[in-house]
1. What whole-number volume per residue, in cubic angstrom, does the convex hull of the C-alpha atoms of chain A give?
2. If you rank A:Glu247, A:Glu307 by fewest surrounding Cβ atoms within 10 Å, what's the result?
3. Can you find, among A:Ala297, A:Thr349, A:Gly336, the residue farthest towards the positive end of the dipole of segment A:292-368? Put +1 on the C-beta of Lys and Arg, -1 on that of Asp and Glu.
4. Where the eigenvalues come from the Cα gyration tensor of segment A:292-368, what are the semi-axes √(5λ) of the equivalent ellipsoid, largest first, in whole Å?
5. Taking the Cβ of A:Asp220 as the center, what net charge do the other residues with Cβ under 12 Å away carry, scoring Lys and Arg +1 and Asp and Glu -1?
6. If all Cα-Cα distances of segment B:16-252 are sorted into 10 Å bins from 0 onward, what percent lands in each bin, rounded to whole numbers?
7. Taking a cut-off of 16 Å, what percent of all Cα-Cα pairs in segment A:235-285 are separated by more than that?
8. What list do you get for B:Thr315, B:Thr331 if you sort them by fewest beta carbons within 10 Å?
Amino acid sequence: MKQQTIAVAMSGGVDSSTVAAMLRADGNDVIGLTMQLWNQRRLEGREGMPESVQGRCCSLDDVYDARRVAETIGIPYYVVNHEERFEREVVRPFVEDYLSGRTPIPCSLCNNHLKFDQLLIVARQIGADTLATGHYARVEFDEARERWLLKRPTDLAKDQTYFLFGLTQEQLSRTIFPLGGMTKPEVRDLARKLGLALAEKPDSQEICFVPGGDYKRFLDAYLAEQGEALPDTSGELVTSSGHVVGEHSGIHNFTVGQRKGLGVATGSPLYVIQIQGDTRQVVVGSNEELYIRTLHARRVNLIAVDEIAEPMRVTVKIRHRHEGAPAMLERCDEDGLRVTFDEPQRAVTPGQAAVFYDGDVVVGGGWIS
Amino acid sequence: MHRVYFDNSATTPVLPEVFEAMRPYFSEHFGNASSIHHHGQETRAAVDRARESVALLLRCRPAEVVFTSGGTEADNLAIFGIAGPGDHVVTSTVEHHAVLNACKHLEEIGCEVTYLPVDARGLVDPDDVKRSLRPSTMLISVMMANNETGVLQPVEEIGKMAAEADVYFHTDAVQAAGKVAIDVQAIACDLLSISGHKLHAPQGVGALYIRKGTALEPMLYGGRHERSRRAGTENVPGIVGLGKAAELARGKLGGGDGLELMRDRLERLLQHINASGVNGAGAPRVPQTSSMYFDGLDGESLVIALDLKGLAVSTGAACSSGAIEPSHVLTAMGMSSDRARASIRFSLGQQNTMEEVEFAAGLVGEAVARLRELSPTAVVGRKLSYEPRATSFE
C-alpha cells in the first residue's frame, strides 16, 4: 500500500483511535483532528440539565483521550473549532424539527455539514489527501459505473451507512473507512494489540449534545438560553376519522409510533399515527393504522446511480435500527422519490431518513416528508 | 524537521544563563526562605536579590514587588485585592482573560464594571477613561501591551488621570516587560503585573508591583510571606530565574536584539500576499509582535498547516480543550468576524534569526495559497472531477 498523508477524525472513542493507530502502524503520515462542536457545559444547570454527556465527543474527557492516543502513537493532533457551524447546521434544525412535529437525526446532518464537509476541507488545507473516520461502512470505486460506492460493512450490527447516505461523490472520493472490513470485537482486539489504553472504553450511543437522550429537557434549556419561549404547539388528539379524543400540551412531545404518555384512556392501546405541524393535531389510532405502504423522500442524495430514471427494486431502511424492507423506488417529482413497500411498514416517521440499498450497496437516501 | 518558533508571546524558552542561575536552588540551596537557619538565609538572600533585580526593571522599590505564581495570579491579586461589592471598576474590552474574567466575576459579586471600547487600531481613548469615572470608581485596569496585537495603550495618560481622580490604577504589563522600558513612576500606576515565562524565565512565576501605601487585601491566607500579601512558601528557583531574566532584559532594552528589524522584515514580506495586512498597524506596538490577517481563509487551519511544516505561530485565545474561539481583541477593534478568524499572530524572540524570518515568510506564502485554493468558498461552484484511487483499505 502506498503511504499517504491521512487526517483521522478522532472522537476519543475506540473506533477512531484504532483507525489512527492502524494507519500509523502501516507507515502513513497521520494527523489527528478532533472537532469541537458543542460546549458540553453550555446549558449546564438550565432547566435541570446535567453537567455534560459523558463519554461523548466534545467533552473535555474525550479530547483528553484522543490527545493521549495521538501522543502514544506519535502523531500530530489538533482540535478544530466548528461550534458555530454545528449550532447553525445541526442544533437549530434539530430544535425546529421537533417543534414542527418531526423526529430529526442530527448525526446525518453532522456528517453532511461538518465531518465530511468542514473537516474534510480542513484536512485538505493542512496537506492531507484523505480523511479517515471510525465509521463502520465501506467505500470503493466501481470502474463500470465510474462512481464511488458506499457499501455496508462486514459487521452488520455496527452498520452506520444509514447515517452516511448524504455523502457526495467528491466526499466519498476523499474518504476511507478502515474499519469497514472488521467486526467490533476485532477492532477491540486490534486496539489492545496496538497498545491503546482505551480498548475497553464503552461505546457511545446517545446524541452528543443531548444528555441522557432527554431531548425535551434539551429543547427547554436551549430555548431558555436563547431567550425564546417554547412556542405553544398544544392542540387536539384526534382519531384518523377526525374525532377529537383529547388535548395535548405540544407536538414536540410526540413521535410517530409512541404509545405511552398520550393521556387518553380507551379500551384498546392507542398509538401516535401522525403529527400535523400545521393544525397541531396529533392523530392517534390502533397499531394496525401505523402501517403505511408508501412514503416520499425529499432532498434526495444518490450515490450508486446518477438518476432513478426507471422504477428500481431496493431495500429501504426507514430508521437506523430498521432491518430494511423490499420496495419499489421511483421518481415522483423533481425534488422527491416515492417508495412503495411490498408490505406496509410500521411507524414511518417524518424527519427520519429513508435509505435505499441494493444488496450491500447504498443507492442513496432522502428525508421522509 | 527544521522548526521555527514564532510564538514568544505564548511563552519563551528559558535562557541558558537563567537556567544556570536557577540550578543551585533545587538540590544544593534548597532551604525554605522563611527558616531561621543557614539554609533559609541562603534562599532568603536569593529571593531578595531577585526582588531587587525586578525592582530595577520596573523602576520601583524592592519592597513594592510581590512574587506570585504568574501573570494571572498577579492580575487577580491586583483586581480582587482592591475592588469589592459596591465598587465601580473601569477596564477595556481588549484585556487578557486574566483581567477580563476576573472583572466578569466582580460583576457577579456586586461590582459595576465599565468595559471601554478601543478604536480600529486597538487603542483605548484616555478621554473615555475620564468620562467613565464615578464617585464609586475604585480601580482602573488597562493593559500596557496587548497579547494579540502588541498594541501599546496610552498608560501614562491614563495613569495621570487616575492619580488626579485618586483612583487606583492597575496595568497588566505581562506582554510589555522585557520588550519596552517600564517605569512605574512615569506610568503613575499603583499596580503592575508581569509574568516570568514571557521574558525567558520559567513558567509558574510572576510578580505584582504594589505601590507603597496601597490598601490591598490578600487572596491567599496562610503564613506571613511576601509581607502578608501572598501567603505560601516562595518558589525560590522560579523567583531566582525571574530575577536573572529581569537583569538580562534590562540590558537588552533599546533594540539591542534586533527584534524590531526582524518583525518589520516579516511584515514587509507577508504584505506582498494578496488581501493581507497588519492588525493594529497604526498604533504604537511592542517590537516583537505582529498580528496579521489573510482574508479568505481560517486562521485555525493556517496555524495547523504551518505547524505541520515546522513553523509555530498562534491564533486567538486558546480555550480549555485547545480549540480556538474568535478573538475578542480583533472583534473589539471593529474587525469583521471573518477577518478576525483569518488572523494569526507571529511573535518573535531574541533567539530568532533573520534567516528564520525569510524561511517563515516563504512557508506562510505557500500555506496561504493552498488554504485559499481549498477554502469552502472556492470549493463551491468548482467543477468536480473524480480520479479513481488505487488504494483501498478493505
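1. 148 Å³
2. Sorted ascending by nearby Cβ count, the order is A:Glu307, A:Glu247.
3. A:Thr349
4. Equivalent ellipsoid of segment A:292-368: 16, 13, 12 Å, largest first.
5. Charge balance in the 12 Å sphere: -1.
6. Answer for segment B:16-252: a P(r) of 8, 34, 35, 17, 6, 0 percent.
7. So the portion of pairs separated by more than 16 Å is 24 percent.
8. Exposure proxy ranking, most exposed first: B:Thr331, B:Thr315.
FYI, it's all coordinate maths here, none of it is from the lab. None of the values given here were measured: they were computed from a predicted structure. When we count neighbours, we look across all protein chains shown, and the Cβ atoms used for this are built from the backbone with ideal geometry, even at glycine.
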